[in-house]
Every structure is written in structure tokens, then in C-alpha cells.
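Here, each number is a calculation from the coordinates, and none is a lab measurement. Nothing here was measured: the structure is a model prediction, and the numbers come from that model. Cβ atoms come from the backbone with ideal geometry, glycine included; neighbour counts cover every protein chain shown.
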């Protein structure tokens, strides 16, 4: 990546420097968000020199709700419905790692069928989230078809989850001990049919969007994050995998039945906006493959939920458990003092970690590339604010 | 792994627990930077996943815990190394780890505003997630109560 100074020199050669005043006067400060459709509920201040961004300062917190404090007032089961509010599109994943941590603290063994069903719910939710993100990415790069198609196909998975859990979003389905209820009759066939249809659709997505020369020009080689910098910044999920690090919690630290599933960690080496937007797409493909395997290998009958005492509690201790969500590693650090209510809950989310890359990547880019860079980080403001 | 750290730093380190894939050690605030540098350069834990603070009013202490992970070493991919340190609750000061782990920047800033731990050497100990006009004690301290509860 050329440095900011090089770009200034380049722009000077082209005669682009119109105002010849002192350095400070030349810069213009722009505020993006927090109610701007291009950023979600997130505000960041940028300074531009002509067309180039020279400074960026994220200012999250517009939708901060104090989830971590709220957890200290409720018992472990009561915490489920409010914990999924930060990412309603990915609610099965955000309660998944919470359930794993609580199970470790309380000492709950999840029945095998329950493990399979909650993995299916979390994979379906991953599709819902990624499709939503892809739709927004499409519309902000001026590709209206890429807004309509994922929004439409997202309904497939929402309908499946509605049949499974009874709610279109915010399912409160993955709970400590397993899942809330068993699958309805005929779910397996329906799910298989829709996933196979969706796999065909993904090929069309690739043709109209990812192979589109306009999209490629806007993303290829833009805002490159090198492997070393990705490690240094500690980014996660599709961002780190786009920079050539095949790190996926499902493979690195398999939870529940993921060690029995055969899948590949999807990653790319270029680290540009195209890679960061293509890795989630590859994830969707792989996720279809995972859902098919889960449905095939699932035990046909059995319990889906372990029996819990009314106010589950374990000995004092702490647990840190992670899952791979749509936006990367999602970890819960829970400290228990032996009472039914957690003493401290810390949610480590992918969006918060990836936010650190935003000022790093935006500086030196053109203002017109800002949406392409920002949305490529797979950033979900509500999740980062918690 | 705990033995390796113990061997290098001796008695100044207290191993809190060793569970499968999870190790937690506690160090003195003055040693955190040195231990973190050792963990990064020798042990291969190259990034911080999260930084959490826990308030213990009975002991008049605040515990800050760094969860460290590794991208570069495949054998450490499943491990999370917890580095903790404790500070006095009335005058909460800790050295920052930002020069060792760049990835703690926002996490430490969040810990500052949520628990009131001042990180010495951190470029910005200021407001992050809370409203700009927040005028109460740090909300994740135990003596802060949600109104009406």
C-alpha cells in the first residue's frame, strides 16, 4: 500500500490541490453517522484532504444498552432473551457461546440430538446474517440487484427458523442444556430442499455480483490489510481469514459436534476489500455443506434438552468459551460466585475487535471508497456497542 | 506452558488454574508488560481477544484479565491464555499493554470507562461507549445500581 504522503504527492502532480493554504485549513472534517444509512447506528469522524481520507476516529456507543450490567441482575436462563438483542439476525450464535460457558460452569451435559439441532440453528442463522450483510454491501456499492436477491433468499432461512423455533428473528432457541424444543415433523426434508435450492442461487450470486467488473474494480486492491497487520490488530472472522490466516473457531476449538463434521476453513490471501467480501460468501457455501451433513448425521430420536434445576447454579469459578459467529469469534467470559446470577459477564464480539482496523484501513483511501471499506469489515454497530 | 512462564519469572507469578486449553496466571501490575512481552515473543500468543475487568468490593480490588490467543502457531489455536493483574479499587492505575498488544487499544479504553481503571501510557483514557454527558460512577463497578433495582 502506498503511504498517505505518496498519495499527496501523486495528487499534487495531477494538479488536484486546489486550495493552497496552511495544512489545517486544507482539511475538511466530516461526520458519518450515527443515523446515516451508510454506517448503521455508528458514528465516525473523518478528515479529508481533497478526495483522500487522512484521519478517522470511530465513536461507537449510540446503541449501547449495558448488556453486561443487565446480566448481573438476572439468572442464567433469564439472560437469554436480552443477550440476543445485540445481533437479532444472528441470535442463535450469540446465545450459543453463552450456553457453552454456562454449561461449563454449572456442569450440564447436552444430549447428542440437542447438540446437532443447535448447530443447525446456528448455521441457518449464519446464513440469515450473511445474506443481510451482503444485501447492504450490494446496495452501498450501487448494485440494487444484490440488495433484492439476498433479501428475498433470506426469507427461506427465516421461514425455516420460524418453523424450528417459532420466531422469525430473536429465537431464544440455543439455551443452556440444549435447545428449547424439538424439530417439527418434516423439517429435515424441507431444510434439505431449501438448502439445495440456495446452493444453486449462490452460483447466480457469483455471476451477477462477484464476477461483475464494476464490483471488482471498486474492491480489488482497495484497503489491503496485510497478514502481519491483521495479527497485530487482532481482527477476527472473515477479516482475518481474508488476510491469509485460516482461523475459524469451529476448526480451531471445535465445540459440540463440529469435530465430526467435514468442512474446510475458507480463506484468501490478498487481504483487500474483495477478499473480505468474498470470504463470507465462501462461508455461506461451506455452511450449506455443513447443514446437509448435520441433517444426515443427526440421531433420529432422543432428548434435545438436559433437565435443569429451577435456578441453575454451579460452584464459584469462571469460564471463557467461544464460537464462530457470522462476524468472527464470539466469546463469553463469565465469572460465577456460586449464586444463580452471574457475577460478571463480558462479551467479546467480532465487531468490536474489527473496529480497530477501520481507522487503519480508511486513512489513505478515497472518500468514495469509504462504504466499500467500512462494510467489508463485516461490522455490526449494535453488537460492538452491546 | 505454565511451567515455562513460572521458570522464567519465578515467584512473582501465581498460577490461578490450569484447565484443558485454558491457563490463568496472576502477576503484579509492575510485571505485566514484561510478562506480556515474554508471552508474545517466546510463547507465541500474538493477539488479545478481550480485556475484561471485574470488581471485587469485598477485597477492595479490581481484577483486569487479558485473554490472549494465537494466530501464528497452529498448536495454540485452541488455547486461551489469561493474564490477570489486580489493582487497588480506590486508586485504580495499571500500566497499559498497548505497546505489546496493539489489539488491546479499544478494550482498555472500554475498561477505563466501565470500571474506572486508568491505564498509564494509553493514548486515550476517555469516553467510548457511554453517553457524552455521563456523570456517574463507572457502571460496571458493583456499587453502581441500575435505577429501580
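A few comments on the model shown:
- In the stretch A:309-336, the residues that are farther than 29 Å from residue A:376 by Cα and in contact with a strand residue (DSSP E or B) (Cβ under 9 Å, 6 or more places away or on another chain): A:313, A:314, A:315, A:316, A:317, A:318, A:319, A:334, A:335, A:336
- Residue count for the stretch A:355-383 satisfying the condition of being closer than 12 Å to residue A:44 by Cβ and within 12 Å of another protein chain (Cβ to nearest Cβ): 4.
Residue-wise test of (1) within 24 Å of residue A:355 (Cα to Cα); (2) buried (at least 18 other Cβ atoms within 10 Å of the Cβ); (3) at the interface with another protein chain (Cβ under 8 Å from one of its Cβ atoms); (4) in contact with a helix residue (DSSP H, G or I) (Cβ under 8 Å, 6 or more places away or on another chain).
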residue	(1), (2), (3), (4)
B:25	no, yes, no, yes
B:30	no, no, no, no
B:41	no, no, no, no
B:45	yes, yes, no, yes
B:48	yes, yes, yes, yes
B:52	yes, yes, yes, yes
B:86	no, yes, no, yes
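- Per the conditions (1) more than 9 Å from chain A (Cβ to nearest Cβ); (2) farther than 25 Å from residue A:247 by Cα; (3) part of a strand (DSSP E or B), the sole criterion not satisfied by residue B:58 is (3).
- Picking from residues in the stretch B:88-106 that are in a loop (DSSP other than H, G, I, E, B) and either touching a helix residue (DSSP H, G or I) at 6+ places or on another chain (Cβ under 6 Å) or closer than 15 Å to residue B:33 by Cβ (or both), the one that is nearest to the other protein chains (Cβ to nearest Cβ) is B:101.
- Scanning the stretch A:83-106 for residues that are farther than 21 Å from residue B:54 by Cα and within 13 Å of chain B (Cβ to nearest Cβ) yields one hit, A:86.
- Considering residues of the stretch A:336-352 that are out of contact with any helix residue (DSSP H, G or I) (no Cβ under 7 Å at 6 or more places or on another chain) and buried (at least 21 other Cβ atoms within 10 Å of the Cβ) only, the residue farthest from the other protein chains (Cβ to nearest Cβ): A:350
- Scanning the stretch B:112-129 for residues that are assigned to a loop (DSSP other than H, G, I, E, B) and more than 10 Å from every other protein chain (Cβ to nearest Cβ) turns up B:116, B:117, B:121, B:122, B:123, B:125, B:126.
- Residue identified as buried (at least 16 other Cβ atoms within 10 Å of the Cβ) and out of contact with any strand residue (DSSP E or B) (no Cβ under 7 Å at 6 or more places or on another chain) among A:256, A:262: A:256
- Matching residues, the stretch A:49-63, being surrounded by 19 or more Cβ atoms within 10 Å (Cβ to Cβ) and within 14 Å of chain B (Cβ to nearest Cβ): A:56, A:58, A:60, A:61
- Unique match (being away from chain B (no Cβ under 14 Å), in contact (Cβ under 8 Å) with a residue 40 or more places away in the chain, touching a helix residue (DSSP H, G or I) at 6+ places or on another chain (Cβ under 6 Å) and part of a helix (DSSP H, G or I)) among A:274, A:281: A:274
- Being outside any strand (DSSP E or B) and surrounded by fewer than 20 Cβ atoms within 10 Å (Cβ to Cβ) holds for only one residue in B:109, B:149, and it is B:149.
- Search result, residues across the stretch A:34-47 that are surrounded by fewer than 19 Cβ atoms within 10 Å (Cβ to Cβ) and over 14 Å from residue A:384 (Cα atoms): A:35, A:36, A:37, A:38, A:45, A:47
- Only one entry in A:80, A:139, A:94, A:120 is part of a helix (DSSP H, G or I), free of Cβ contacts under 8 Å to residues at least 24 places away in the same chain and in contact with a helix residue (DSSP H, G or I) (Cβ under 8 Å, 6 or more places away or on another chain), namely A:139.
- Of all residues in the stretch A:305-325, those satisfying the criterion of being within 18 Å of residue B:82 (Cα to Cα) and outside any loop (DSSP other than H, G, I, E, B) are A:317, A:318, A:319, A:320, A:321, A:322, A:323.
- Within the stretch B:125-146, the set of residues being exposed (fewer than 13 other Cβ atoms within 10 Å of the Cβ), within 26 Å of residue B:58 (Cα to Cα) and in contact with a helix residue (DSSP H, G or I) (Cβ under 8 Å, 6 or more places away or on another chain) comprises B:146 only.
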